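Q: The structure follows.
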Amino acid sequence: MARTVQPVGVTRRVQALCAIGWPARMLAGMLGVSEDTVRVGATPELADAVANLYGQLHKTPGPSSQSVAWAKSRGWFPPLAWEESTIDDPDAVPDTYELDEDIVDDVAIQRAVRGDVAVAERLRDREREEAARYMLRRGVPMEQVRSLLGTSERATRRIRQEVAA
């Protein structure tokens, strides 16, 4: 008797990985299937393969800030929002407590201000502001702050005025 697979688990895992920077196209390549298959397929073999890949990647930010933006614009939740025991349950809801925008990742901020562009691209708004404050306090030119962090001229000027006050 064939095992029944809930497609929701495959979908949530793929979306969660996209939300941390792993594009569906890249995930499909890692799985050896088409992008369409990884987005909608739910065979037992695919479900197992996606679960295994998720287990390998769910704690590692992917290389694509575009994937993060895409997922965010669609309301997809990252791995931290899902419990492994309920991710396959169609009635489960994501836990967004850990996703509080006021919480900042100090390690990510430090890596970004040291020039890690990949990390800088994935900073959340609050982290980006903190990184800009840190850099401006240390005399880093506004243009360099804007270039690394992707902040607007207006936002960078506002932060510089706050720092100077």
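The values are calculated or read from the model by the stated rules, or taken from the named source; none is laboratory data. In this text, all values refer to a predicted model and were calculated from it rather than measured experimentally. Reconstructed Cβ throughout: ideal geometry from the backbone, glycine too, with neighbour counts over all protein chains shown.
Q: Cβ-Cβ distance below 7 Å, separation of 6 or more or different chains: which pairs start in the range 30-57 with a residue that is among the hydroxyl-bearing types (Ser, Thr, Tyr) and end on one that is outside any helix (DSSP H, G or I)?
A: Thr43/Val5
Q: Going through Val113, Val145, Val68, Val119 one at a time, which residue ends up being outside the structural domain of Met30 (by TED's automatic domain parsing), β-branched (Val, Ile, Thr), crowded, with 19+ Cβ neighbours inside 10 Å and in contact with a Pro (Cβ under 9 Å, 6 or more places away or on another chain)?
A: From the options Val113, Val145, Val68, Val119, the qualifying one is Val119.
Q: Looking at the range 128-135, is at least one residue more than 21 Å from Arg39 (Cα to Cα), outside the structural domain of Ala24 (by TED's automatic domain parsing), small (Gly, Ala, Ser) and within 15 Å of the chain's Cα centre (by Cα)?
A: no
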